[in-house]
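Chemist: First the structure, which I've put down as structure tokens, then a few questions once you've had a look.
The values are calculated or read from the model by the stated rules, or taken from the named source; none is laboratory data. Computed from a prediction, not measured in an experiment: that's the story for all the values here. No Cβ is skipped: glycine too gets one built from the backbone with ideal geometry, and neighbour counts run over all protein chains shown. Protein only, heavy atoms only, side chains kept; ligands, DNA and RNA dropped before computing areas. Shrake-Rupley method; radii C 1.70, N 1.55, O 1.52, S 1.80 Å.
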Amino acid sequence: MSGTVRLTVAQALVRFLANQWTERDGERQRLFAGCLGIFGHGNVAGIGEALLEAGDELPYLLARNEQAMVHTAAGYARMTDRLSTYACTTSIGPGATNLVTGAAAATVNRLPVLLLPGDVFATRVANPVLQELEDARSYEVSVNDCLIPVSKFFARVNRPEQLVAAALGAIRVLTDPAETGAVTLALPQDVQAEAWDFPAEFVAERVWRIRRPVPEPAVLDEAVRLIRGSQRPLLVAGGGLIYAGATAELRLLVEATGIPVAETQAGKGSLRYDHPAAVGAIGATGTVAANTLARTADLVIGVGTRWSDFTTASRSLFAADGVRFVNLNVAPPDAYKHAGLPLVADAKVGLAALCDALAGWSVAPSYAEAARASAADWQRAVDTAYHAGHRPLPSQPEVIGTVNEVAGPRDVVVCAAGSMPGDLHKLWRTRDPKGYHVEYGFSCMGYEIAGGLGVKLAAPDREVFVLVGDGSYLMLAQELVTAAQEHIKIIVVLVENQGFASIGALSESVGSGRFGTRYLARNPETGALDGPPVEVDLAANAASLGAQVIAVSSIDELRAALQAAVMATRTTVVHVRTDPLVAAPSSQAWWDVPVAAVSSRAATRAARHAYEQNKKAQRTYL
Ligand SMILES: Cc1ncc(C[n+]2csc(CCOP(=O)(O)OP(=O)(O)O)c2C)c(N)n1
Ligand SMILES: [Mg+2]
């Protein structure tokens, strides 16, 4: 192809985005399903005009908050195993800075999202423009620079000629499984509208093959030697395993070898909950079955995990003398963690290679049998928690159990912050690799509804159950309006428990007695936040944002409401109050949250004493 085509920078970029495809294992999809946006003077005449011209080539969705639109894009990307995402266009100034939290969440979770914030004039002829940060030290500084640390690639397109390299660089990072995260192309508002003769080839169709790196033979040999020599191996499945589409290879490997499988938050769903090798969630929010195995494991095989503190119980969980790690991971920084053997490779290819090389070897039958027995014990504890019959208000585990029983095997549960992610990790019975979607890399309050929209956009054939606490709901509920506008149907279970049950319990455990975590009014007599409950009506709030709302006050009513929500054609919010003081069964694992070293309060001093005892179990894994 030769020749040029005269386009504005914004038109060229939009056309370019519409023509990018990803391919993996012979399957092709558009890299960008569309562009989410909120217009202002920083993008309406540039990207806005280009999107208007592009029409269905790059469909435009109007969001309510810039942070939320990044969550929607990330939810979509996770649901499509990172093969597809959305672009997000914003104005300059606050529209751009509102992206920061969403970008951080995407980058921490290794999910591709493309951010297109407007930026101040490159020509500077009219500066300072509305919403420009004036930095007296340098005209180079813009508020968009705060996106640099939360982006895996950042370029400001100050001249039309710069767009080609910037756009290709952006897509390279978005489509690289080891590098991916938020990617930012900052677009000065004058440059967006400038015309240039772009090479026609730039805006032609382009396919990006998602790489599946193979393991180095010598490292693979060493991994096999370590596994064959182990007595008590434990495999920890992380999100990378699911994104690589490696769940079938995992099943083959563990069915042949009997190695038990524990799951991180992002890796939950790698095996069905009732698979004989499944011991469930691991770590601070794990099952007793997985955590007991972890304590005595002599070899830990991490697949696609970044070894967060929740997974390792703040490095206290893997307690056997001389415990070794083998890390199968496409990203070298993760493969090298805990001084592990770095098996740098794609999870699907790597697991298949391990399976071949381990032919004929398996763990002792007594080891596999003990793992199965303790997984069965945990499932009995789940049954008890699901059907506790707590009065007068139901418990949160009962709510989770009811949603699990109403949800079909392919339906998706979405959550992010508060006490529900931990309870879901322990209790949710996952029956499909894409059925569990808890954002726990950034645990970002406000992800739930916005992320749930992205999940539904990616999987319209599945019901999406968004579980959201009252605290998270109050941070970012307004995407319910986007759901109504776009006829996107999700089911939101809004769990009201008078504020921050999770941080309240944490506060209690560090000796601070739930200080400042409950929605209790300022008491004129004490001057403290210990008055009556604040009177708010979250059900009415949800209805006012365009959702159908069903308020329930018992588990039977909840079940009926969820069934009605499944039958409904529009977004339905089911509002339920729960008792914030009923916890899920204990994980018997620790989480490192430092406690005040000196305090006038006896409860804090006692908590500090316990903290110092727990710290002794913390390891360096060298
Ligand atoms: C944006 C953001 N701010 C603060 C926090 C810290 N935080 C974690 S959970 C939580 C409370 C969540 O409350 P709610 O959604 O009601 O859930 P609950 O704890 O009651 O289960 C807070 C403040 C966070 N994770 N994200
Ligand atoms: Mg709450």
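Chemist: Between Ala195 and Asp56, what FRET efficiency comes out of the Förster formula 1/(1 + (r/R0)^6) with R0 = 30 Å and r the beta carbon distance, rounded to 0.05?
Modeler: 0.80
Chemist: In whole Å, largest first, what are the principal axis extents of the Cα atoms in the chain?
Modeler: Taking max minus min along each principal axis of the Cα atoms, the chain gives 72, 71, 54 Å.
Chemist: What percentages make up the Cα-Cα pair-distance distribution of the stretch 161-267 when the bins are 10 Å wide from 0?
Modeler: With 10 Å bins starting at 0, P(r) equals 10, 28, 25, 16, 13, 7, 1.
Chemist: Quick one: if you stick a label point 7 Å off each Cα along the C-beta vector at Glu23 and Ser599, how many nm between them?
Modeler: Inter-label distance under the simple model: 6.0 nm.
Chemist: Then there is this: Set the Förster radius R0 to 30 Å, insert the Cβ-Cβ distance between Ala248 and Asp383 as r into 1/(1 + (r/R0)^6), and round the FRET efficiency to 0.05.
Modeler: 0.55
Chemist: Per residue, how big is the convex hull around the C-alpha atoms of the stretch 527-622? Give it to me in cubic angstrom, could you?
Modeler: Value for the stretch 527-622: 234 Å³ per residue.
Chemist: Can I ask one more? Counting only Cα atoms, I'd like the Rg/Rh figure for the stretch 401-524, Kirkwood definition for Rh.
Modeler: Radius of gyration relative to Kirkwood radius: 1.01.
Chemist: Give me the dipole magnitude in Debye, nearest 20, for the stretch 1-88 about the Cα centre, with unit charges on the beta carbon: positive for Lys and Arg, negative for Asp and Glu. Before the final figure, lay out each step's value.
Modeler: Working: 8 positive and 9 negative charges, 26 e Å.
Dipole size: approximately 120 debye.
Chemist: Could you work out how much longer the chain between Glu205 and Ala564 gets when fully extended? Use 0.36 nm per residue separation minus the Cα distance between them, nm to one decimal.
Modeler: Full extension from Glu205 to Ala564 adds 124.8 nm.
Chemist: On to the next question. For every other residue with a beta carbon closer than 13 angstrom to the beta carbon of Arg64, add +1 if it is Lys or Arg and -1 if Asp or Glu, then tell me the sum.
Modeler: Counting the neighbours of Arg64, the net charge comes to -3.
Chemist: If each residue of separation counts as 0.36 nm, what is the full-extension length gain between Glu508 and Gln618 once their alpha-carbon separation is subtracted?
Modeler: 37.4 nm
Chemist: Over the stretch 51-204, give the accessible area per residue in Å² for a 1.4 Å probe, as an integer. Let's see the in-between values first.
Modeler: Values: 5500 Å² over 154 residues.
Result: 36 Å² of accessible area for each residue.
Chemist: Still on this model: Per residue, how large is the accessible surface of the stretch 354-420? Use a 1.4 angstrom probe and give square angstrom.
Modeler: Each residue of the stretch 354-420 exposes 41 Å² on average to a 1.4 Å probe.
Chemist: Determine how many Å³ per residue the convex hull of the Cα atoms of the stretch 483-592 encloses.
Modeler: Convex hull volume per residue, Cα atoms: 150 Å³.
Chemist: How long are the three semi-axes of the equivalent ellipsoid for the stretch 567-622, computed from the Cα gyration tensor as the root of 5 times each eigenvalue, in whole Å, largest first?
Modeler: 38, 19, 11
Chemist: Same structure again: Kirkwood-based Rg over Rh for the stretch 1-102 (C-alpha set), two decimals? Before the final figure, lay out the partial values.
Modeler: Details: Rg = 14.3 Å, Rh = 14.3 Å.
Reported Rg/Rh, Kirkwood definition of Rh: 1.00.
Chemist: Now, a different point. First select every other residue whose beta carbon is under 12 angstrom from the beta carbon of Gly118; then total the charges, Lys and Arg +1, Asp and Glu -1.
Modeler: Summing Lys and Arg as +1 and Asp and Glu as -1 gives -3.
Chemist: What part of the accessible area of the stretch 417-477, given as a whole %, is carbon or sulfur when the probe is 1.4 angstrom? Don't skip to the end; give the middle numbers.
Modeler: On the way: 690 of 1300 Å².
The value for the stretch 417-477 is 53 percent carbon and sulfur by accessible area.
Chemist: Taking Cα centroids, how far is the stretch 405-436 from the stretch 277-341 in Å?
Modeler: Result: 21 Å between the Cα centres.
Chemist: So how far, in whole Å, is the C-alpha centre of the stretch 1-60 from the one of the stretch 444-483?
Modeler: Between the Cα centre of the stretch 1-60 and that of the stretch 444-483, the gap is 25 Å.
Chemist: Sticking with this one: Using all Cα-Cα distances in the stretch 259-340, what percent lands in each 10 angstrom bin from 0 up to the longest?
Modeler: 20, 56, 23, 1
Chemist: Also, I was wondering about something else. Give the Rg (one decimal place) followed by the Dmax (whole number) of the stretch 93-147, computed from C-alpha coordinates and expressed in Å.
Modeler: Both quantities, over Cα of the stretch 93-147: 13.0, 40 Å.
Chemist: Ignoring ligands, DNA and RNA, what percent of the accessible area of the stretch 529-619 is carbon or sulfur (1.4 Å)? Mind showing how you got there, number by number?
Modeler: Working: 2930 of 5250 Å².
It is 56 percent, rounded to a whole number.
Chemist: For all pairs of alpha-carbon atoms in the stretch 25-175, what percent lies in each bin of width 10 Å, listed from the first bin to the last filled one?
Modeler: 11, 41, 37, 10, 1, 0
Chemist: Leaving out ligands, DNA and RNA, what percent of the accessible area of the stretch 6-81 is carbon and sulfur, probe 1.4 Å? Before the final figure, lay out the partial values.
Modeler: Working: 1220 of 2600 Å².
The computed percentage sits at 47.
Chemist: Another question, then. Applying a 10 Å radius around every beta-carbon, put 443-456, 468-481 in order of their mean neighbour count, most first.
Modeler: 443-456, 468-481
Chemist: By per-residue mean of other Cβ atoms within 10 Å, what is the highest-first order of 391-400, 492-501?
Modeler: Ranked by mean Cβ neighbours within 10 Å, highest first: 492-501, 391-400.
Chemist: Once you compute Rg and the Kirkwood Rh from C-alpha atoms, what is the Rg to Rh ratio for the stretch 186-325?
Modeler: Reported Rg/Rh, Kirkwood definition of Rh: 1.21.
Chemist: Restricting to bridges with both residues inside the stretch 1-122, how much of the DSSP beta-bridge set is antiparallel, in percent to the nearest 5?
Modeler: Counting DSSP beta bridges with both partners in the stretch 1-122, the antiparallel share is about 25 percent.
Chemist: Are there GluC sites (Glu not before Pro) in the stretch 118-211 that DSSP marks as loop and that have at most 12 other Cβ atoms within 10 Å, and which are they? Before the final figure, lay out the partial values.
Modeler: Details: sites: Glu132, Glu134, Glu140, Glu161, Glu179, Glu194, Glu201, Glu205; in loops: Glu132, Glu134, Glu140, Glu179, Glu194, Glu205.
Here the GluC sites (Glu not before Pro) that fit, given the DSSP loop and packing criteria, are Glu134, Glu140, Glu205.
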